[in-house]
Amino acid sequence: DAGITQSPRHKVTETGTPVTLRCHQTENHRYMYWYRQDPGHGLRLIHYSYGVKDTDKGEVSDGYSVSRSKTEDFLLTLESATSSQTSVYFCAINGQGADGYTFGSGTRLTVV
Amino acid sequence: AQSVTQPDIHITVSEGASLELRCNYSYGATPYLFWYVQSPGQGLQLLLKYFSGDTLVQGIKGFEAEFKRSQSSFNLRKPSVHWSDAAEYFCAGSGGYQKVTFGTGTKLQVIP
């Protein structure tokens, strides 16, 4: 979607290294989310943000941290990557009301 | 716990046949409900949403869904499936505007 971009699209990293994924939006939406997608689990919420410097945990937040210093950017950091964090990571944004999310194209992360 | 359940992991239909994908929800009050579609290697696209009013909701690509409170269901339907509809479909719900929970997905295969 043109209003939300994720980088990188693909990344291979080694166990124990830190990794940062970036989500950038041009819609000026307040809410931003990080999900991971794994077969058989659907999408699970990692962290979300409801404003600059305002973040909260989702259901699978262990091993992840986030930061949001500007409205347009929401960073997801894997502090010390593990093989269990091999996944596809999606960023999503939401304006207000029950509009539903707009998703980025995803980042495929492989931890070896 | 608030959740959505998709009982079918995989469904195969013939092109031109009708389609119904099942979704059940568990929320205390009337939830916000969504259906998303994901093509291989892509992000998720919103098909339709429900939060109040008419229980039959029309979406994009010829899809519709019906909210049935008595059955705690929000099933997705299409009268005639096209080969391009082959994808994975996710039902999702929220108790409010934010923090959407996703089902585990249903993969749709369309055979000629």
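Where a number appears in this text, it was derived from the coordinates with a stated rule and is not lab data. Values in this document were obtained by computation on a predicted structure and should not be read as measured data. Counting neighbours? That spans all protein chains shown, and the Cβs are built from the backbone with ideal geometry, glycine included.
So, in region B:23-50, of the ones that are free of Cβ contacts under 8 Å to residues at least 60 places away in the same chain and part of a loop (DSSP other than H, G, I, E, B), which residue ends up farthest from A:Phe103 (Cα to Cα)?
Step by step, filter region B:23-50, then rank; the result is B:Thr30.
So, in region B:73-97, of the ones that are over 26 Å from A:Pro39 (Cβ atoms) and out of contact with any Pro (no Cβ under 7 Å at 6 or more places or on another chain), which residue ends up nearest to the other protein chains (Cβ to nearest Cβ)?
Filtering first and then ranking leaves B:Tyr97.
Going through region B:98-112 one residue at a time, which ones are among the polar types (S, T, N, Q) and away from chain A (no Cβ under 14 Å)?
Listed by number, the list holds a single entry, B:Gln109.
Does B:Ser70 count as farther than 27 Å from A:Thr5 by Cβ, assigned to a loop (DSSP other than H, G, I, E, B) and either in contact with a Gly (Cβ under 7 Å, 6 or more places away or on another chain) or not hydrophobic (A, V, I, L, M, F, W, C) (or both)?
The answer is no for B:Ser70.
Here is a list of conditions, (1) at positive phi; (2) touching a residue at least 24 places away in the same chain (Cβ under 8 Å); (3) within 14 Å of chain A (Cβ to nearest Cβ), and B:Gly53 meets all of them except one; can you say which number that is?
(2)
Are there any strands (runs of 3 or more DSSP E) wholly within region A:18-112 with 2 or more residues that are within 14 Å of another protein chain (Cβ to nearest Cβ), and if so which?
Where strands (runs of 3 or more DSSP E) fall fully within region A:18-112 and carry at least 2 residues being within 14 Å of another protein chain (Cβ to nearest Cβ), they are A:19-25, A:31-38, A:42-51, A:54-57, A:87-94, A:107-111.
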